[in-house]
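Worksheet: one structure, shown below.
The values are calculated or read from the model by the stated rules, or taken from the named source; none is laboratory data. Values in this document were obtained by computation on a predicted structure and should not be read as measured data. Heavy atoms of the whole protein, side chains included, go into the accessibility calculation; ligands, DNA and RNA do not. Shrake-Rupley method; radii C 1.70, N 1.55, O 1.52, S 1.80 Å.
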Amino acid sequence: LILSEANIYYKMGDTEKFKDLLEIATEKDPKNPELQYNLGVISAESDHPQEAMAYYKKAIELDPGYVNAYINSAALVLGKEEGLIKEMNGLGTSNADNKRYEQLREERQNLYKEAIPFLTKALEINPKSTSAATTLMNIYSVLGETDKYKAMKAKIEEMRGAE
């Protein structure tokens with residue numbers, strides 16, 4: 001009943017009441033990974049990324065095969081990239097700007113490296129996930145990991161050929 005009520009609030013756009021009811025449901029059923037995952041989604045949508053990551057990790061802890069929790073964890077990590085790119089694009093050509101650009105580039109690459117395990121696990125659980133494979137392929141390309149890029153590209157082509 002709590003979940004039904006929560007879904008009604010969600011459909012009405014009242015995400016705060018939805019989240020409150022999900023938290024009550026989680027207290028009653030703390031081992032339910034879907035409840036943790038949904039709390040993660042709402043936290044991410046409400047711009048609370050650390051809270052969202054904690055919920056996704058809890059969902060994964062409860063169900064190590066919960067593929068969407070891995071994918072959303074990667075998306076959360078990669079979501080930090082936008083601010084970096086914006087700052088990178090706003091820099092000039094002075095020595096200080098060049099140094100800052102290199103710092104931001106390194107931060108961006110570290111984000112990619114942080115996302116790789118989530119995407120790899122998602123692909124391991126669901127080998128037909130073209131979105132996870134494509135994101136991994138793009139990450140490997142940017143990181144200059146040519147062999148991994150080529151392997152992932154071949155995997156994607158194999159997936160598309162099987163459709």
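Key figures for this structure:
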{"quantity": "Accessible area in square angstrom per residue, the stretch 1-146, 1.4 angstrom probe", "calculated": "58 Å²"}
{"quantity": "Cross-link reach list, aspartates and glutamates versus residue 17, counting only Cα pairs under 13 Å and skipping chain neighbours closer than eight places", "calculated": "5"}
{"quantity": "Contact order normalised by residue count of the chain, Cα under 8 Å, 6+ apart, percent", "calculated": "14 percent"}
{"quantity": "Hz values of 3J(HN,Hα) by residue in the stretch 138-151 - Karplus curve (6.51, -1.76, 1.60), Gly and Pro given as x", "calculated": "5, 4, 4, 5, 5, 6, x, 8, 4, 5, 5, 4, 5, 5"}
{"quantity": "Where N is the number of residues in the chain, Cα Rg divided by 2.2 N^0.38 Å", "calculated": "1.24"}
{"quantity": "Gyration tensor over alpha-carbon atoms, the stretch 42-127, equivalent ellipsoid semi-axes in Å", "calculated": "31, 14, 8"}
{"quantity": "Helix axis angle, 67-78 relative to the chain longest principal axis, alpha carbon, degrees", "calculated": "50 degrees"}
{"quantity": "Accessible carbon and sulfur surface of the stretch 87-153 relative to its total accessible area, %, 1.4 Å", "calculated": "47 percent"}
{"quantity": "Of every Cα-Cα pair in the stretch 1-93, the percent that sits beyond 24 Å", "calculated": "29 percent"}
{"quantity": "Over 18 Å (Cα to Cα) - which of 80/113; 28/58; 28/121; 58/148; 113/148 fall in this group", "calculated": "28/121; 58/148"}
{"quantity": "Mean residue ellipticity (222 nm) of the chain, computed from DSSP H runs ≥ 4 via -39,500 (n - 2.57), nearest 500", "calculated": "-27000 deg cm²/dmol"}
{"quantity": "With 5 Å bins from 0: P(r) over the stretch 99-163, alpha-carbon pairs, percent", "calculated": "4, 18, 25, 23, 14, 8, 5, 2, 1, 0"}
